[in-house]
Amino acid sequence: MPTTRYSKYEPTLDDLDAAELMKLLQQRLLESGFGRNPWEPDPNYQPTLQDLYEAIAEALIQNDLIDQETLNQAMAAEHWLDSKLGEAVKELARRLEQEGYLRPEAGDPEQPGQGGVGQGEPGQVRFELTDKAIDFLGYRTLKEVLGAAGKASFGAHDTRFETTGVETSAAPKPYEFGDTLNLDISATLLSAAKHGFEDGRLELEYDDLMVVQSEYYSSAATVVLLDCSHSMILYGEDRFTPAKQVALALAHLIRTQYRGDSIQFALFHNSAEEIPLPKLATAQVGPYHTNTAEGLRLAQKLLKRQNKDMKQIVMITDGKPSAITLPGGRIYKNAYGLDPLVLGETLREVGNCRRQGIQINTFMLARDPELIAFVQRVSHMTRGKAYFTTPHTIGRYVLMDFQSRRTKLVN
């Protein structure tokens with residue numbers, strides 16, 4: 001009689017789908033220069049296919065997805081990309097392209113690599129993450145940070161006010177001029193019945209009208225200001241990559257759960273510039289100072305374009321202001337302490353935010369006493385909040401703060 005023997009199933013690289021591979025690569029795909037040379041950062045660096053191949057190989061080895069024989073063969077080869085490991089890595093990279101997670105960066109058609117991943121010299125061909133990849137990375141970070149810590153209402157921020165609407169959440173109330181005439185039929189008839197019946201008819205008076213109440217929801221416009229000055233990777237830890245991960249998660253949260261909201265991103269360093277979300281993923285730290293005033297000035301311009309009930313700035317930084325832009329465009333810098341000229345210009349922009357009703361919530365990745373004093377002053381001026389956090393916990397603080405919305409504003 002035939003017998004069947006069962007043994008433990010050993011997964012192969014064919015079982016590794018693109019989403020699982022992206023999960024293994026998420027940290028490397030967002031790194032900000034700390035892993036190369038934190039002492040001489042290159043703000044214009046863009047990852048190449050060689051970087052991608054090395055990241056994939058490292059992920060496979062760290063997760064024990066490569067057998068020792070294949071690894072030994074790669075180490076003995078003159079060029080490891082020509083080995084069995086190299087071919088597997090290039091096949092996985094092609095799979096990421098086919099699944100729509102990345103694409104070779106657009107450029108000169110005569111340059112190698114324009115036909116797809118795997119063509120041209122790996123060290124010369126750059127690639128970019130697609131919207132699908134950005135969304136996936138945001139979802140992964142959001143899931144890891146929040147987990148089951150709570151849920152947010154779709155497309156709305158609760159306020160302390162109640163208004164008439166279509167979703168009942170409180171007791172009915174008498175109709176007042178200006179209310180939406182969303183009648184609570186039962187309560188209205190009950191009120192009218194208290195007058196009794198005349199000639200067998202129920203007489204309905206104006207004061208009998210009862211309307212249902214629902215929570216008042218408001219929309220929010222958010223600008224996330226990310227400090228990409230040199231200190232974000234300089235002191236033994238990468239602070240900028242976690243900040244970028246939080247930005248991706250916040251963008252995913254707003255897109256899926258707060259559909260009436262808007263979010264924009266800006267980098268501030270010697271100056272400041274708006275950056276689209278796909279480009280933010282590969283943004284790098286540079287040899288910069290911290291021009292907080294210019295970042296706040298840009299954030300105000302971005303928020304002016306948004307017609308929202310609430311406007312806020314989420315600022316992630318690890319350093320006190322050390323630069324400002326002078327009227328002629330020249331950058332004045334002073335890295336030592338809070339220069340009175342720098343501090344005065346920065347607080348002037350904070351005051352402008354206050355006058356426009358813009359709240360500034362600051363997430364600090366350092367505990368310099370001068371920085372703490374400055375941030376506390378900013379928070380007091382704009383009725384915002386200040387958080388002392390670390391690269392490991394910043395995601396929880398930013399996302400939970402955004403969802404809790406302790407300070408309630410309404411139009």
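The values are calculated or read from the model by the stated rules, or taken from the named source; none is laboratory data. None of these values were measured; they are calculated from a predicted model. Don't worry about glycine lacking a Cβ; one is built from the backbone with ideal geometry, like all the others, and counts go over all protein chains shown.
Taking interchain pairs and intrachain pairs at least six residues apart, which have beta carbon atoms under 7 angstrom, with the first residue in region 393-411 and in the same structural domain as residue 248 (by TED's automatic domain parsing) and at negative phi and the second at pLDDT 75 or above and of a type in the set (Asp, Glu)?
Once the first residue is in the same structural domain as residue 248 (by TED's automatic domain parsing) and at negative phi and sits in region 393-411, no partner that is at pLDDT 75 or above and of a type in the set (Asp, Glu) comes close enough.
Kindly establish whether residue 47 is within 31 Å of the chain's Cα centre (by Cα) and either over 27 Å from residue 132 (Cα atoms) or in the same structural domain as residue 275 (by TED's automatic domain parsing) (or both).
Criteria not met by residue 47.
Only one residue in 221, 249 is buried (at least 24 other Cβ atoms within 10 Å of the Cβ) and over 20 Å from residue 371 (Cβ atoms). Which one?
249
So which of 297, 259, 305 ends up being among the basic types (Lys, Arg) and crowded, with 18+ Cβ neighbours inside 10 Å? Spell out how you get there, then give the answer.
Working: 259 fails: crowded, with 18+ Cβ neighbours inside 10 Å; 305 fails: crowded, with 18+ Cβ neighbours inside 10 Å.
Only one candidate qualifies: 297.
What are the residue pairs meeting all of these: first residue in region 65-80, first residue at negative phi, second residue of a type in the set (D, E, K, R) and surrounded by 14 or more Cβ atoms within 10 Å (Cβ to Cβ), Cβ atoms under 7 Å, and 6 or more apart or on different chains?
Correct list of pairs: 70/84; 73/84.
Scan (1) more than 20 Å from residue 36 (Cβ to Cβ); (2) modelled with pLDDT of 85 or more; (3) surrounded by 18 or more Cβ atoms within 10 Å (Cβ to Cβ) for the single condition residue 242 breaks and write down its number.
(1)
Against the definition (at pLDDT below 85 and either touching a Ser or Thr at 6+ places or on another chain (Cβ under 9 Å) or hydrophobic (A, V, I, L, M, F, W, C) (or both)), how does residue 410 come out, yes or no?
yes
Taking the condition more than 21 Å from residue 398 (Cβ to Cβ), touching an Asp or Glu at 6+ places or on another chain (Cβ under 9 Å) and among the basic types (Lys, Arg), does residue 305 pass?
Values: more than 21 Å from residue 398 (Cβ to Cβ): yes; touching an Asp or Glu at 6+ places or on another chain (Cβ under 9 Å): no; among the basic types (Lys, Arg): yes.
Criteria not met by residue 305.
Somewhere in region 321-339, is a residue surrounded by fewer than 22 Cβ atoms within 10 Å (Cβ to Cβ) and part of a helix (DSSP H, G or I)?
Among the residues of region 321-339, not one is surrounded by fewer than 22 Cβ atoms within 10 Å (Cβ to Cβ) and part of a helix (DSSP H, G or I), which makes the answer no.
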